[in-house]
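Working notes, beginning with the structure itself.
The values are calculated or read from the model by the stated rules, or taken from the named source; none is laboratory data. What you see is a predicted model, and the numbers here were worked out from it, not measured in a lab. Using ideal geometry, Cβ is built from the backbone for each residue, glycine included, and neighbour counts are taken over all protein chains shown.
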């Protein structure tokens, strides 16, 4: 599975997050404005000097950016998780992931994968009791189909308060579960802890799980392997960096991170290879 973000995606996310125009980046980097535009549109491969110049202007770590832009870096695939089934959906050719976490005959859904039927099929096929639907944020590619799921299985829906207004369809109030930082949800013998991570959206939530010696975290679009999601709105970019740097990537190095798009990764991989992991 390819990385969710290429070099072009990373530099555009950083530029817009910092509120810089193409002209301002060109002036600060010494790269012509037309070349900045071409590189943001993946019109050609950057040179090593250009990658380094972009990193300096955009507050990104140069070596990880070089690895992604020029060396084909991919995260080392973490071990398969026996308690998680991944569901793939498709939004106009754009792949999105949902997850079913299960233990002891119980399950939660993390996002909807834009494929409610497939999420329901996992629960039915494994004969699981649905305890909750946990949404990382309110965008339609992660929450669409929630009405279909709740028509078949009644369960509380957890989402950050600030993201309720983003939902394409709002559940009945009686099914809305509060999702504050530190809130715990049990699934069999597992405990799922809500971790507020504003940035990609105002009410973004990651869901951290401890399973014996291993730990995992469903990070939605807060973090991708080698990148982060786009701040919506762009004024949330500082908060987004804070969420990634001080919450997600302060977890144990072996923690598996399961994003909404692209390959799984680990905290340890991202500490070394994520260009956004820069001292604030």
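Residue check: is residue 220 crowded, with 24+ Cβ neighbours inside 10 Å and either within 13 Å of the chain's Cα centre (by Cα) or not assigned by TED's automatic domain parsing to the domain that holds residue 102 (or both)? Step through it out loud before you land on a result.
Working: crowded, with 24+ Cβ neighbours inside 10 Å: yes; either within 13 Å of the chain's Cα centre (by Cα) or not assigned by TED's automatic domain parsing to the domain that holds residue 102 (or both): yes.
Yes.
Looking at (1) more than 23 Å from residue 257 (Cα to Cα); (2) buried (at least 23 other Cβ atoms within 10 Å of the Cβ); (3) in contact with a strand residue (DSSP E or B) (Cβ under 6 Å, 6 or more places away or on another chain), find the lone condition where residue 146 falls short.
Among (1) more than 23 Å from residue 257 (Cα to Cα); (2) buried (at least 23 other Cβ atoms within 10 Å of the Cβ); (3) in contact with a strand residue (DSSP E or B) (Cβ under 6 Å, 6 or more places away or on another chain), residue 146 violates only (3).
Condition first: over 15 Å from residue 73 (Cα atoms) and either buried (at least 19 other Cβ atoms within 10 Å of the Cβ) or under 13 Å from the mean Cα position of the chain (by Cα) (or both). Now tell me which residues in the range 252-275 satisfy that. Walk me through how you get there before you give the answer.
Residues of the range 252-275 that are over 15 Å from residue 73 (Cα atoms), as a first pass: 252-261, 267.
Passing the criteria: 255, 256, 257, 258, 259, 260, 261, 267.
I'd like the residue in the range 154-197 that is in a loop (DSSP other than H, G, I, E, B) and within 18 Å of the chain's Cα centre (by Cα) and, out of all such residues, is surrounded by the fewest Cβ atoms within 10 Å (Cβ to Cβ). Reasoning before the result, please.
Pass one, the range 154-197, residues in a loop (DSSP other than H, G, I, E, B): 154-156, 159-160, 167-172, 178-183, 188-189, 197.
Among the residues that remain, those that are also within 18 Å of the chain's Cα centre (by Cα) are: 159-160, 167, 179, 181, 197.
Numbers: 159: 29, 160: 24, 167: 21, 179: 24, 181: 12, 197: 30.
Among those that are in a loop (DSSP other than H, G, I, E, B) and within 18 Å of the chain's Cα centre (by Cα), it is 181.
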